[in-house]
Amino acid sequence: MTEWRILFNPSKDIRALQLSHWEAMDIGYNCPKCGSERASVWLFPDTPMAYIDECCNQPVVFEPKTGSEEE
Ligand SMILES: [Zn+2]
């Protein structure tokens, strides 16, 4: 699982908001390989999101935060 943080909630991406019925939010994270600052739009923050980050072609996995489990 990739550490992430909220950048903008709701997202600043109007199209993403429309697609997701206003659930989308912008998140920031660090590339798992090189640590670069990365950002993405999470359309449905209630469900996990995974893809290959084009920075270093590393898989990233975002899990919804469920409350006080880790923080
Ligand atoms: Zn990278």
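Couple of notes before you dig in:
- In this structure, Thr66 and Leu7 have a Cβ-Cβ separation that, at R0 = 25 Å, corresponds to a calculated FRET efficiency of about 0.80.
- By other beta-carbon atoms within 10 Å, ranking Thr2, Thr47, Thr66 with the fewest at the front produces Thr66, Thr47, Thr2.
- Residue order, fewest to most surrounding Cβ atoms within 10 angstrom, among Tyr51, Tyr29: Tyr51, Tyr29
- Relative to the Cα centre, the charge distribution of the chain, modelled as +1 at Lys and Arg Cβ and -1 at Asp and Glu Cβ, gives a dipole magnitude of about 240 debye.
- The calculated FRET efficiency for Glu37 paired with Arg15, based on their beta-carbon distance and R0 = 22 Å, is about 0.45.
- Judged by the ratio a/c of the largest to the smallest principal axis of the C-alpha gyration tensor, the chain counts as oblate, that ratio being 1.5 or greater while a/b is no larger than b/c.
- When Leu19, Leu43 are arranged by Cβ crowding within 10 Å, least crowded first, meaning fewest neighbours, the order is Leu19, Leu43.
- Computed per residue of the chain from DSSP H runs no shorter than four, each worth -39500 (n - 2.57), the mean residue ellipticity at 222 nm is -2000 deg cm²/dmol.
Just so you know, all these numbers are worked out from the coordinates, no wet-lab data involved. All values reported here derive from a predicted model rather than from experimental measurement. All Cβ positions, glycine included, derive from the backbone under ideal geometry; neighbour counts span all protein chains shown.
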